[in-house]
Amino acid sequence: MALATDPILFVAGEWLGAASGVLAVLTIVGFVVRWGVRFRLVGVTSFTALLAISCLAFAVSYSPRLSVPGAVTVPVVYDNGTDLVVAAAPADLPEAAIEPTVRQVAGNLRGSGRSSSDGSVHVRLRRITPLEEGLGRPVVVAEARRDLATGTVRVERP
């Protein structure tokens, strides 16, 4: 799987790297000539180099979010960090948008640090069914299982 790079951050990292090289030369010249700002140049040079490395690292590690056609953006209301994620569906979510929505939530999960006994993360899409004034019951409308090893998503409807 090829890593996606963000071209703006990649270009900014290259420019900051070049600037830190120029500043490093100026810092060396400052120490040879004994300029009064030589120690400030050390700080500016190291900070610029740190920015360059950070921009390049983020550009390489960036991966855009998955967008499934027909899906609605829903908030994640519970994530135990290992094997269970629960997202809240609005009450007016159309029936046709349920499967794409739970597939999108499962596809956008990051797998690093997650573990489970069966090697998958369970993603539940639930909505609150009102029982009476001020009282409701959560109802799971769809569940997806994302395999941590392969990234495949399987959707199940209760």
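Just to be sure, is ALA71 in contact with a helix residue (DSSP H, G or I) (Cβ under 6 Å, 6 or more places away or on another chain), modelled with pLDDT of 90 or more and assigned to a loop (DSSP other than H, G, I, E, B)? Yes: the conditions hold for ALA71. If we scan segment 117-125, do we find a residue that is in a strand (DSSP E or B) and either more than 21 Å from ILE98 (Cβ to Cβ) or touching a Gly at 6+ places or on another chain (Cβ under 6 Å) (or both)? No, that holds for no residue.
Against the list (1) more than 30 Å from ARG110 (Cα to Cα); (2) of a type outside the set (Gly, Ala, Ser); (3) not in a loop (DSSP other than H, G, I, E, B), the condition TRP35 fails is (3). Restricting SER120, SER115 to residues that are over 30 Å from ILE8 (Cβ atoms), modelled with pLDDT under 90 and buried (at least 18 other Cβ atoms within 10 Å of the Cβ) narrows the list to SER120.
The values are calculated or read from the model by the stated rules, or taken from the named source; none is laboratory data. Owing to the predicted nature of the structure, the values given are computational and were not obtained by experimental measurement. Methodologically, a virtual Cβ is constructed for each residue, glycine included, from the backbone with ideal geometry; neighbour enumeration extends over all protein chains shown.
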